[in-house]
1. Check the stretch 19-31 and report whether any residue there is under 13 Å from the mean Cα position of the chain (by Cα) and either in a loop (DSSP other than H, G, I, E, B) or buried (at least 20 other Cβ atoms within 10 Å of the Cβ) (or both).
2. Does the stretch 32-42 hold any residues that are in contact with a strand residue (DSSP E or B) (Cβ under 7 Å, 6 or more places away or on another chain) and surrounded by 20 or more Cβ atoms within 10 Å (Cβ to Cβ), and which are they?
3. Of all residues in the stretch 158-173 being over 19 Å from residue 123 (Cβ atoms) and loosely packed, with under 12 Cβ neighbours inside 10 Å, which is modelled with the lowest pLDDT?
C-alpha cells in the first residue's frame, strides 16, 4: 500500500494484517484468547465490530470507527490520540506479550496494517463472507461453522455478544440467507480481486 489510508470516524473498514515474513501470530488457544481480550480493551472503545477471523499467521476484522461523539471521554479521543494509535497500541501490546512468552525479540506484524474503506452494502456482505470463508479456503475446515476462531458462530447464535449481530444479519436480510450465502462454494481468488485485496 503506497499511501496509508486514514481511519475516519463513522466509516467501515476491512482491517487485516499478517505475521512478519508470514510467521505465526498464534501458536495455541491462549494466544487467540489473549488477542481477543486485547482487541476488546484497545479497539472496542473506538470502534464497533461486525466480523472477524484469526488464522495462524494473519487476521481480518470488519469494523466501523465510532463517530466523534461516541469516543471515550466526552466525545474526544483519550489524550487526543489519533484513531490509528489505538490500533498501534493494540498490536504493540500483543507483540510484547508474545515475545515475552516465546523468548523472541523484534516485530511480529507486517509494518503497516492494511485498511480498506467500505462504502456500500454489497461490499460489506462480501467482506463478511470473505472473512468467515478464510479458514475454509486455507483448508482448516470444510465449513465456516466448523472453525472456532471467527465471528461466524456468534452471529448465528442467540448469546450476548459485542458483535453488531443484528446489523450484520440485516445486510443478508435474515439468518437463513446469511447461512446460505456462507455455504455456497465461492472462488476465493475472484473475491479477493473484487475486494481489491491482491
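1. Kept after step one, since they are under 13 Å from the mean Cα position of the chain (by Cα), are these residues of the stretch 19-31: none.
Checking the stretch 19-31: not a single residue is under 13 Å from the mean Cα position of the chain (by Cα) and either in a loop (DSSP other than H, G, I, E, B) or buried (at least 20 other Cβ atoms within 10 Å of the Cβ) (or both).
2. Of everything in the stretch 32-42, just one residue is in contact with a strand residue (DSSP E or B) (Cβ under 7 Å, 6 or more places away or on another chain) and surrounded by 20 or more Cβ atoms within 10 Å (Cβ to Cβ), namely 35.
3. Among those that are over 19 Å from residue 123 (Cβ atoms) and loosely packed, with under 12 Cβ neighbours inside 10 Å, it is 158.
Conditions tested, residue by residue: (1) without any contact (Cβ under 8 Å) to a residue 60 or more places away in the chain; (2) assigned to a helix (DSSP H, G or I); (3) touching a helix residue (DSSP H, G or I) at 6+ places or on another chain (Cβ under 6 Å).
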residue	(1), (2), (3)
93	yes, yes, yes
99	yes, yes, no
104	yes, no, no
107	no, no, yes
124	no, yes, yes
132	no, yes, yes
135	no, yes, no
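The values are calculated or read from the model by the stated rules, or taken from the named source; none is laboratory data. Because the structure is predicted, anything quoted here is derived from the model rather than measured. So basically every Cβ, Gly included, is an ideal-geometry build from the backbone, and we count neighbours across all protein chains shown.
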